[in-house]
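Chemist: The structure that follows is given in the form of structure tokens.
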Amino acid sequence: MRILLVEPYFTGSHALWATGYTQHSQHHIDILSLPGRFWKWRMHGGAVTLAREFLASDLTPDLILATDMLDLTTFLALARKRISGIPIAVYFHENQLTYPWSPTDRDIAQKRDKHYGFINYTSALAADVVLFNSRYHQESFLAALPKLLKHFPDYNELDTVEQIQEKSQVLSLGLDLQRFDEFKPIQPNKKTLIIWGHRWEYDKGPEEFFKALTILSDRGLDFELAVLGENFSQKPDVFLAAEKTLARHIVQFGYVESFADYAKWLWRAEILPVTSNQDFFGAGVVEALYCDCFPLLPQRLAYPYIIPTEYHPQYFYEDFDDLVNRLSEAIINIEQTRRFSLRAVVAQYDWQEQSKLYDKVFLEVV
């Protein structure tokens, strides 16, 4: 079977997902993409360019697989001469209905942010099958749709929410976890290393993260800190402040370009406190768990769905004070902390396993 994967925002996790599935699938996959920048313009205009490129190509897919960054309705309208009868699947990495927008975004100030969520809505409505990377993502998106539609003055089409629900399912994110194996160190760490592996943005909760570490530092606890993750513009103030406040603990501060360096830091890290307010799946968290990091996770977002319920008492905290207490205990009792591992639990998300599920789903669609 031939699959055309259409991705207007080909960078980061979107690009890794597309290339990962292409490399592990039994099907033949062609990727039609645009560079991953100007995400708002990609959602508005990417469909026009990609439809033009598709019409100019000799591609003859049995299935079209689009992502949430594509205005699928525009793409289908412009390419209708060549796609009649071809089944369409749309994969949601994220969505613009429930993603927490920055309060400083100019589209918020000008009250024009809802259009991006509406693009997600019409894309889901137009597709034959709607796929979400986690159960949390599926449930939060479907719950948010009626609120979006009720915002408009009439003809709200609320019945379409049930239509979308009936053709939606969860297809977890595939990750190339086995590539971390070659970087596993032989010697254990001498000092406890805590890691931040997220983007340097407000929705990942850096204030709580650094506040908790500052409290433990003031108590005299001994630990090291590696702050990784991408920063797309200037360093946010909370990171600049933490760089000074936690200077004596910091052993790495900034994005590492090579995968080898990233993998080595994950293997070296021992404790992963997570304070995020947005995560539809949590790829970085899963990668860290595969590398034997001990997680401290909030009871929200996708995390309770990724880790089986029987593990929740050990790895989930209730509030900020509970996070601080659990983090303190993990550092003080580091030898015991090192004995816990969720590697076997998250190994299912490796492409070796996920590609089989993807192939089966898409065969059923066709």
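The numbers here are math on the coordinates, done by the rules we state, and not lab data. The model shown is predicted, which means the values in this text are computed figures rather than measured ones. Every residue, glycine among them, receives a Cβ derived from its backbone with ideal geometry; neighbour counts consider all protein chains shown.
Chemist: Just grab the label-to-label distance for Gln169 and Thr60, each label 7 Å out from Cα along the Cβ direction, in nm (one decimal).
Modeler: Here the modelled spin labels are 2.8 nm apart.
Chemist: Right, another one. Can you give me the angle between helix 135-150 and the longest principal axis of the chain, using Cα atoms only, in degrees from 0 to 90, rounded to the nearest 10?
Modeler: 60
Chemist: Given H placed on each backbone N at 1.01 Å, which residues far from Tyr317 in sequence or on other chains put an amide H within less than 5 Å of it?
Modeler: For Tyr317, whose amide H was placed from the backbone, the distant partners under 5 Å are Leu297, Gln299.
Chemist: Would you look at the GNM of the chain, springs on alpha carbons closer than 10 Å, and say which of Thr192, Thr245, Thr74 moves the most?
Modeler: Thr245
Chemist: Angle, helix 351-365 long axis vs. longest principal axis of the chain, Cα atoms, 0 to 90°, nearest 10?
Modeler: For 351-365 against the chain, the angle is about 20 degrees.
Chemist: With an 8 Å cut-off on Cα pairs and a minimum separation of 6 or more residues, tell me the relative contact order of the chain in percent.
Modeler: Computed over the chain, the figure is 16 percent.
Chemist: By how many degrees, 0 to 90 and rounded to 10, does the Cα axis of helix 114-126 deviate from the longest principal axis of the chain?
Modeler: Compared with the principal axis, the helix lies near 60 degrees.
Chemist: With only Lys, Arg, Asp and Glu charged, each at its Cβ (+1 for the first two, -1 for the last two), find how big the charge dipole of the range 235-325 is about the Cα centre; round to the nearest 20 debye.
Modeler: 300
Chemist: On to the next question. Considering only Phe118, Trp200, Ala47, whose Cα is most displaced toward the positive end of the charge dipole of the chain, charges sitting on Cβ of Lys, Arg (+1) and Asp, Glu (-1)?
Modeler: Ala47
Chemist: Among the lysines, which have Cα under 16 Å from the Cα of Lys191 when same-chain residues fewer than 8 positions away are ignored?
Modeler: Straight-line reach from Lys191, under 16 Å: Lys264.
Chemist: Let me ask something additional. Got the relative contact order for the range 170-248 handy, in percent, Cα pairs under 8 Å and 6 or more residues apart?
Modeler: Rounded, it is 39 percent for the range 170-248.
Chemist: Still on this structure, I have one more. Net charge near Ser258, counting Lys/Arg +1 and Asp/Glu -1 over other residues with Cβ under 13 Å of its Cβ?
Modeler: Taking every Cβ under 13 Å from that of Ser258, the sum is 0.
Chemist: For the range 128-237, which chymotrypsin sites (Phe, Trp or Tyr not before Pro) are in a loop by DSSP, counting at most 12 other Cβ atoms within 10 Å?
Modeler: Hits after loop and neighbour filter: Tyr155, Phe232.
Chemist: So what's the net charge close to Asn156: Lys and Arg +1, Asp and Glu -1, counting the other residues with Cβ under 15 Å from its Cβ?
Modeler: -1
Chemist: In whole Å, what are the Cα extents of the chain along the three principal axes, biggest one first?
Modeler: So the extents along the principal axes, rounded to whole Å, are 67, 46, 38.
Chemist: Quick one: if you stick a label point 7 Å off each Cα along the C-beta vector at Val256 and Tyr202, how many nm between them?
Modeler: The modelled label-to-label distance comes out at 3.0 nm.
Chemist: May I pose another question? Mind putting a number on the dipole of the chain about its Cα centre? Charges go on the C-beta only, +1 for Lys and Arg and -1 for Asp and Glu, and I need it in Debye to the nearest 20.
Modeler: Here the size comes out at about 580 debye.
Chemist: Can you give me the orientation-averaged projected area of the convex hull built on the Cα atoms of the range 177-349, in nm²?
Modeler: Hull-based average projected area comes out at 9.5 nm².
Chemist: Of the candidates Glu329, Glu208, Glu287, which one comes out as most mobile in a Gaussian network treatment of the chain with C-alpha springs shorter than 10 Å?
Modeler: Largest GNM mean-square fluctuation: Glu329.
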